[in-house]
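The values are calculated or read from the model by the stated rules, or taken from the named source; none is laboratory data. It should be emphasised that the depicted structure is a prediction, and the values quoted were computed from it without experimental measurement. Here the Cβ positions follow ideal geometry from the backbone for every residue, glycine too, while neighbour counts run over all protein chains shown.
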Amino acid sequence: MEILLEHGPATREEVAEYLQTYKGVKNVPSPNSISALMSKNPQVVIVGKQKVEMTIGINTHHMLFDIDRQVIKDKGDLILTRPISVMTPKERKTATQCPSCGRTRIMPEQSDECLSCIRQ
Ligand SMILES: [Zn+2]
């Protein structure tokens, strides 16, 4: 998710390329599993399609993924919007259920509502 935040909208192939150049990423997921991961993650939105020329005359469209910038403004916001399915055990302990939307999130300081509810 940090990749999308830093680079802006990207297709799954571009995300795979970024991951490859990232240090410390040993097993780069395939473009297919990247797009599956991203469409499951509520932090990610589809912002459009990019025309990709495969061979001469044949074009295909790839979905452009981006971080939900209405809600997520900087790196610190990523952890506050993280769904429980990708939280670490430590994060799960501090997460509580948001009274407004019912989702389990880590709450921003001095707030009863989750970040998504505050920003929307
Ligand atoms: Zn909420």
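Consider the stretch 68-79 and keep the residues that are over 11 Å from the mean Cα position of the chain (by Cα) and part of a loop (DSSP other than H, G, I, E, B). The one that is nearest to the ligand (Cβ to nearest atom) is VAL71.
Residue-by-condition table, conditions (1) out of contact with any strand residue (DSSP E or B) (no Cβ under 7 Å at 6 or more places or on another chain); (2) not assigned by TED's automatic domain parsing to the domain that holds GLY8:
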position: LYS40; (1), (2): yes, no
position: VAL44; (1), (2): no, no
position: VAL47; (1), (2): no, no
position: VAL52; (1), (2): no, no
position: GLY57; (1), (2): yes, no
position: LEU78; (1), (2): yes, yes
position: LYS93; (1), (2): yes, yes
position: THR104; (1), (2): no, yes
position: GLU109; (1), (2): yes, yes
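When the stretch 21-60 is filtered for residues that are of a type in the set (S, T, N, Q), closer than 21 Å to PRO83 by Cβ and touching a Pro at 6+ places or on another chain (Cβ under 9 Å), the ones remaining, listed by number, are ASN41, GLN43. Note on the stretch 14-38: residues that are assigned to a helix (DSSP H, G or I), surrounded by 13 or more Cβ atoms within 10 Å (Cβ to Cβ) and not β-branched (Val, Ile, Thr) amount to 10. Hey, any hits in the stretch 55-69 for a residue that's in contact with a Ser or Thr (Cβ under 9 Å, 6 or more places away or on another chain) and loosely packed, with under 15 Cβ neighbours inside 10 Å? For the stretch 55-69, residues in contact with a Ser or Thr (Cβ under 9 Å, 6 or more places away or on another chain) and loosely packed, with under 15 Cβ neighbours inside 10 Å: absent. The single condition among (1) modelled with pLDDT of 95 or more; (2) assigned to a loop (DSSP other than H, G, I, E, B); (3) touching a helix residue (DSSP H, G or I) at 6+ places or on another chain (Cβ under 9 Å) that ARG82 does not meet is (1). Taking the criterion of being near the ligand (Cβ under 9 Å from one of its atoms) and among the basic types (Lys, Arg), the residues of the stretch 82-120 that qualify are ARG103, ARG105. Could you tell me whether PRO29 is under 20 Å from LEU5 (Cα atoms), over 12 Å from the mean Cα position of the chain (by Cα), away from the ligand (no atom under 15 Å from the Cβ) and not basic (Lys, Arg)? Here the answer is yes, as PRO29 does meet what is asked.
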